[in-house]
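Worksheet: the structure to be examined is printed underneath.
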Amino acid sequence: MINEFENLVNTIKRLRGKNGCPWDKKQNFKSIIEPLVEESYEIIDAINLKNYSLLKEELGDLLIQIIFLSRLAEEKKRFNILDVIRGAKEKLIRRHPHIFGDIKVKGTKQVLENWERIKKTEKEDKKEKYSLGDVPSVLPSLLKAKKIQNKASRFGFDWGNKEGPVNKLKEEIEEFLQAVETDKKRKVEDEMGDIFFSLVNIARFYHINPEESLNKTIKKFIKRFNFIERALEKKGKSITDSNLEEMDFYWEKAKKHI
């Protein structure tokens with residue numbers, strides 16, 4: 001296994017070398033961001049499809065990006081892939097004192113509480129001040145909201161039961177409707193954001209992944225809209241020369257089938 005990993009590291013090193021690939025030699029930290037994000041989403045897609053052959057391939061693609069970025073850093077004498085591996089191992093050991101130390105825990109809740117306490121200590125060492133400061137700003141909004149809410153919850157800042165976030169959603173919807181009446185775009189936008197944040201909170205309490213939930217609805221909408229188009233095609237019409245009444249008729253039909 002070690003030899004295979006070293007071979008992959010050396011392959012990427014060769015691609016970046018003097019007689020390497022012109023395209024690979026032109027890449028930099030910024031240019032790798034897009035493929036890095038794409039590979040991550042392709043892994044998620046493979047998991048959702050339960051396609052393990054595809055998952056194996058996509059994990060390999062992500063590993064290439066990780067080694068490639070490490071090689072770029074090594075060329076700038078910042079760190080290398082071994083430093084990455086060593087740091088990851090040390091972090092896992094440090095954040096699992098109930099496995100590698102003498103700390104006793106009674107369940108997952110205490111594991112997460114310890115995890116956050118240890119992370120906070122690490123931040124203090126790095127002069128990072130706030131507990132939510134390490135949530136990546138580039139995360140998709142729904143995922144970022146869920147991550148922030150989870151982290152706040154681990155410090156005890158949370159609703160006591162499911163009714164709390166549900167009632168909060170009702171309150172935010174009422175405030176949104178009041179903002180609409182003012183016709184102030186900024187205020188309407190703020191209240192809409194509060195609604196989304198409340199919805200994510202509800203999803204969290206019901207153990208629903210908001211990103212997956214929304215994606216399922218999007219897929220359902222596409223299937224139903226496709227149903228409308230197929231129905232219109234059978235009548236010799238297209239979506240562009242149809243009207244809302246006709247589309248609504250087939251939409252209701254689509255809901256019975258999809």
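Bear in mind that the values in this text are calculations on the coordinates, not laboratory data. On a predicted model such as this, the values are computed, not experimentally measured, just so you know. Every residue, glycine among them, receives a Cβ derived from its backbone with ideal geometry; neighbour counts consider all protein chains shown.
Here are a few things to note about the model shown:
- Estimated distance in nm for a label pair at Lys223 and Asp158, the labels positioned 7 Å out from Cα along Cα-to-Cβ: 3.3 nm
- Whole-Hz Karplus values for the range 237-253 come out as 10, 10, 5, 6, 10, 9, 10, 4, 4, 5, 5, 4, 4, 6, 5, 5, 5 Hz, taken residue by residue from phi with 6.51 cos²θ - 1.76 cosθ + 1.60 and θ = phi - 60°; glycine and proline positions read x.
- Compactness of the chain was expressed as the Cα radius of gyration divided by 2.2 N^0.38 Å, which yields 1.37.
- For the range 25-131, the set of chymotrypsin sites (Phe, Trp or Tyr not before Pro) satisfying both a DSSP loop assignment and a count of at most 13 other C-beta atoms within 10 Å is given as Phe79, Tyr130.
- Inter-part distance where the range 181-258 and the range 1-40 are each reduced to a Cα centre, Å: 41 Å
- For the range 55-144, the relative contact order comes to 12 percent (Cα pairs under 8 Å, sequence separation of at least 6).
- Among His207, Leu232, Asn28 the positive-end extreme of the charge dipole of the chain (Cβ point charges): Asn28
- Lys, Arg +1 and Asp, Glu -1 on Cβ, resulting dipole of the range 1-124 about Cα centre, debye, nearest 20: 600 debye
- Rg and Dmax [Cα atoms of the range 2-88; Å; Rg one decimal, Dmax integer]: 13.8, 41
- Qualifying trypsin sites (Lys or Arg not before Pro) in the range 211-258, where qualification requires a DSSP coil assignment and no more than 15 other C-beta atoms within 10 Å, comprise Lys235, Lys237.
- Summing +1 for each Lys or Arg and -1 for each Asp or Glu among the other residues whose beta-carbon sits under 14 angstrom from that of Ile85 gives 0.
- When each of Lys170/Lys256; Lys104/Lys147; Lys26/Lys77 is checked by Cα-Cα distance, pairs over 22 Å: Lys170/Lys256; Lys104/Lys147
- For the chain, modelled as a GNM whose springs connect Cα atoms under 10 angstrom apart, the maximal fluctuation among Ser40, Ser153, Ser213 occurs at Ser40.
- Relative contact order of the chain, defined on C-alpha pairs under 8 angstrom at six or more residues apart (%): 9 percent
- A DSSP coil position with no more than 10 other Cβ atoms inside 10 Å describes the following trypsin sites (Lys or Arg not before Pro) in the range 1-65: Lys18, Lys50.
- Note on the chain: GNM, Cα springs under 10 Å; of Gly133, Gly236, Gly17, the largest mean-square fluctuation is that of Gly236.
- Estimated vicinal HN-Hα couplings, Hz - the range 4-10 in sequence order (Karplus 6.51, -1.76, 1.60; Gly, Pro = x): 4, 5, 4, 4, 5, 4, 5
- Based on alpha-carbon atoms, the Kirkwood radius and the radius of gyration of the range 145-248 give Rg/Rh equal to 1.16.
- The charge dipole of the chain, taken about its Cα centre with unit charges on the Cβ of Lys, Arg, Asp and Glu (plus for the first two, minus for the last two), comes to roughly 940 debye.
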